[in-house]
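Presented below is the structure to which this report refers.
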Amino acid sequence: MQVDEATVRRIARLARIEVSDAEAKGLEKELSGILDWVKQLDEVDTSAVEPMTRVVAQKLKMRDDVVTDGNIADAITANAPLAEDHYFVVPKVVE
Amino acid sequence: MTDLTKLTMAEARDGLKKKSFSALELTDAFLAAIEVANPALNAYVLPTPDHARAQAKESDKRLAAGNARPLEGLPIGNKDLFCTKDIRTTACSNILGHFKPPYESTVGQNLWDAGAIMLGKLNNDEFAMGSSNETSAFGNVVSPWRRKAGDGKYTSVKLVPGGSSGGSSAAVAADLCLAATATDTGGSIRQPAALTGTVGMKPTYGRCSRWGIVAFASSLDQAGPIAKTVRDAAMMLKTMASHDPKDTTSVDAPVPDYEAVLGKGIKGLRVGVPKEYRVDGMSKEIQKLWDEGIAWLKAAGATIHDISLPHTKYALPAYYIVAPAECSSNLARYDGMRYGLRVNGNNLIDTYEKTRAAGFGKEVRRRILIGTYVLSAGYYDAYYLKAQKVRTLIKNDFDEAWNKVDVVLTPTTPSPAFAFGEKTGDPLAMYLEDIFTVTVNMAGLPGVSVPAGLSPEGTPLGLQLIGKPFDEETLFRTAQVIEDAAGRFAVPAKWWTKG
């Protein structure tokens with residue numbers, strides 16, 4: 001599997017990570033190497049196998065659909081890069 | 001007075017009970033040791049002396065009043081992946097910046113409620129992605145161990161403490177805490193324990209709550225202790241484990257008293273030795289160590305059985321689909337809007353991209369990109385679904401083995417501790433560090449690494465025991481037999497205290 005520069009750019013955009021030209025070159029090789037290596041899984045016949053979901057079968061617990069927490073706006077916005085009156089201040093989203 | 005930092009956790013517990021020393025004296029001894037060692041070892045990214053002394057004073061009151069809790073007054077280190085209320089938590093990534101969680105992890109809360117004292121936050125690979133503690137935003141952790149040259153003298157070559165819990169393993173080995181919290185996604189407790197002569201226990205997936213632990217790969221992440229002895233690890237896990245309504249994957253099952261099984265022996269225990277772990281390129285010393293381990297368990301009354309785990313070789317490639325996929329999904333939350341770093345760009349997307357490029361280190365970016373690729377449109381079935389099916393086959397291999405054996409014995413790592421830079425050039429070479437540990441995470445099983453010998457260069461080597469789901473008791477019982485036979489391996493010289 002060969003990952004080319006266009007593919008690196010496409011997935012970097014999907015992942016929202018800026019990649020420099022020099023980095024993109026290195027990543028082509030690294031990602032190709034890793035993806036080639038994981039391709040060995042193709043040797044395994046999994047046609048009749050269910051994907052693993054958990055170690056020991058367990059019934060998912062249910063709880064009452066009620067509010068268990070709240071009124072902690074101070075705590076929630078305390079770590080924001082920018083906040084005002086309990087709102088997160090973010091760059092303009094709609095042009 | 002004897003050096004209090006050299007005590008095991010169980011010895012310290014006895015000393016406090018007998019009033020041979022106070023919790024504050026014990027805490028001060030560790031804080032002084034950290035101050036001397038940290039410039040050289042970089043094990044702690046944030047010592048918390050004031051917090052520790054306040055906890056110690058409270059513990060001394062309780063000890064005096066006769067209402068001590070199970071871990072009363074015992075100082076430990078806390079991996080920086082565990083959120084600590086109002087105390088900086090970064091996962092050793094620049095993207096979290098100066099994040100101060102408004103809450104405590106459940107595992108941490110269990111420890112503090114039991115009376116344990118937090119000495120500080122421990123270094124780790126960024127977001128726990130690494131096997132050498134070379135990806136931390138706070139710099140490398142240096143192992144307290146050193147290699148011997150041909151003339152028998154120790155060299156000054158800096159060795160890695162393993163990873164991702166490299167701060168935890170180095171701090172425990174260097175007597176900078178009695179024990180430490182750690183996490184294990186593909187070997188991050190057991191591999192650093194093996195490389196530093198410490199005991200590292202990764203419990204069954206679901207044994208400990210993941211709530212308040214910075215997420216890496218949610219279907220694999222599990223918390224556990226790194227400690228000086230098997231008994232100490234048993235004390236730690238007993239307190240760390242609990243059912244937690246805040247983590248639906250935590251299991252609602254009673255937590256046994258792990259200390260109670262120690263010394264019960266292993267007469268009649270069936271030990272499996274998987275042929276697939278005899279990999280090409282395994283070093284001679286590791287092979288010898290494994291044979292010694294087999295002999296010790298046999299001498300203690302266990303029976304040894306050859307077993308086959310045919311899908312072993314596929315565990316690592318499947319892991320490097322599952323873990324990056326889940327990582328790319330988990331780390332999508334770091335967008336620079338609600339907490340952590342923000343680097344302003346020309347528009348919203350530019351801000352996201354600049355923030356994440358600046359905030360994540362190289363290995364984390366690489367894994368996010370791999371994960372994004374394998375989850376992108378059209379590839380889900382070929383990669384993630386395929387890997388999850390391979391996981392079922394790996395688990396089936398073990399289910400089959402449990403019909404014949406009670407526990408599986410393997411080496412923990414394919415080779416002894418390496419020096420900085422030796423494996424950083426090639427991501428695949430570093431990924432192979434986890435070849436013996438990663439199957440355990442893929443199958444969700446418990447595994448423990450126990451120090452078992454030294455390499456010809458004088459550095460520690462570990463053996464791994466793998467158990468049935470939720471059968472940590474058998475692992476502790478068997479690990480104790482290995483520890484009794486092999487002895488303990490202390491760092492020969494605290495070179496960082498000189499000059």
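No lab work stands behind these numbers, since they all come straight from the coordinates. What you see is a predicted model; the values in this text were computed from it and never measured. Every residue, glycine as well, gets a Cβ built from its backbone with ideal geometry; the counts of neighbours run over all protein chains shown.
Label the protein assembly as shown by shape, choosing from rounded, prolate and oblate, from the square roots a ≥ b ≥ c of the eigenvalues of the Cα gyration tensor; if a/c is under 1.5 it is rounded, and otherwise prolate applies when a/b is larger than b/c, oblate when it is not.
Rounded shape, in that the Cα axes give a/c under 1.5.
Efficiency by 1/(1 + (r/R0)^6): what FRET value for B:R278 and B:A32, r their Cβ-Cβ distance, R0 = 35 Å, to the nearest 0.05?
Working: r = 46 Å, r/R0 = 1.32.
Approximately 0.15, to the nearest 0.05.
Within the set of other residues whose C-beta is less than 13 Å from the C-beta of A:L60, count the net charge using Lys and Arg as +1 and Asp and Glu as -1. Don't skip to the end; give the middle numbers.
Values: positive: A:R54, A:K59, A:K61, A:R63; negative: B:D247, B:D252.
Within the 13 Å Cβ shell, the charges total +2.
Mind ranking B:110-121, B:72-83, B:177-188 by how tightly packed they are, going by the mean number of other C-beta atoms within 10 angstrom, highest first? Intermediate values should be presented prior to the final figure.
Numbers: B:110-121: 23.6, B:72-83: 28.7, B:177-188: 31.2.
By packing density, highest mean first, the sequence is B:177-188, B:72-83, B:110-121.
For the stretch B:4-264, what does the alpha-carbon gyration tensor say about shape, rounded, prolate or oblate, given a ≥ b ≥ c as the root eigenvalues, a/c under 1.5 as rounded, and a/b over b/c as prolate? Walk me through the numbers on the way to the answer.
Values: a/c = 1.35, a/b = 1.10, b/c = 1.23.
Rounded, since a/c falls under 1.5.
Please give, to one decimal in nm, the separation of the simple spin-label points placed at B:N396 and A:R63, each 7 Å out from Cα toward the Cβ.
3.6
Rounded if a/c is under 1.5, else prolate if a/b beats b/c, else oblate: with a ≥ b ≥ c from the C-alpha gyration tensor eigenvalues square-rooted, which is the stretch B:205-348?
Numbers: a/c = 2.73, a/b = 1.60, b/c = 1.70.
Oblate, since a/c reaches 1.5 and b/c is not below a/b.
Could you work out, residue by residue across A:42-51, how many beta carbons of other chains sit within 10 Å of that residue's beta carbon, and then give the average as an integer?
On the way: counts 2, 2, 10, 2, 8, 1, 1, 8, 3, 9.
Other-chain Cβ atoms within 10 Å of each residue's Cβ, averaged: 5.
Filter B:K228/B:K468; B:K284/B:K468; B:K313/B:K386; B:K85/B:K246; B:K158/B:K423 down to the pairs with a C-alpha to C-alpha distance above 18 Å, please. All intermediate terms of the calculation are to be shown ahead of the outcome.
Working: B:K228/B:K468 24 Å; B:K284/B:K468 29 Å; B:K313/B:K386 15 Å; B:K85/B:K246 16 Å; B:K158/B:K423 14 Å.
Cα-Cα > 18 Å for B:K228/B:K468; B:K284/B:K468; rest within.
Looking at the protein assembly as shown only, what percent of DSSP beta bridges run antiparallel? Nearest 5 please.
Details: 32 of 45 bridges.
Of the beta bridges lying entirely in the protein assembly as shown, close to 70 percent run antiparallel.
FRET efficiency for B:D350 and A:D4, Cβ-Cβ distance as r, R0 = 25 Å, nearest 0.05?
Values: r = 24 Å, r/R0 = 0.96.
Once the sixth-power term is evaluated, E becomes 0.55.
Just the number, please: percent antiparallel of the DSSP beta bridges in chain B, rounded to the nearest 5.
On the way: 30 of 43 bridges.
If I count the DSSP bridges inside chain B, around 70 percent turn out antiparallel.
When Cβ neighbours within 10 Å are restricted to other protein chains, what is their mean count per residue of peptide A:73-82?
Values: counts 0, 1, 4, 3, 2, 6, 10, 6, 11, 4.
Shielding by partners across A:73-82 averages 5.
Got a sec? Charge dipole of the protein assembly as shown, +1 on Cβ for Lys and Arg, -1 for Asp and Glu; which of B:I117, B:S132, B:Q222 is way out at the positive end?
B:I117
Determine the percent antiparallel among the DSSP beta bridges restricted to the stretch B:181-313, to the nearest 5. Don't jump to the answer; show the numbers that get you there.
On the way: 6 of 11 bridges.
Once the DSSP bridges in the stretch B:181-313 are tallied, antiparallel ones form about 55 percent.
What is the spin-label model distance, in nm, from A:R54 to B:K498 if the labels are put 7 Å beyond Cα along the C-beta direction?
If labels sit at A:R54 and B:K498, their model points lie 5.5 nm apart.
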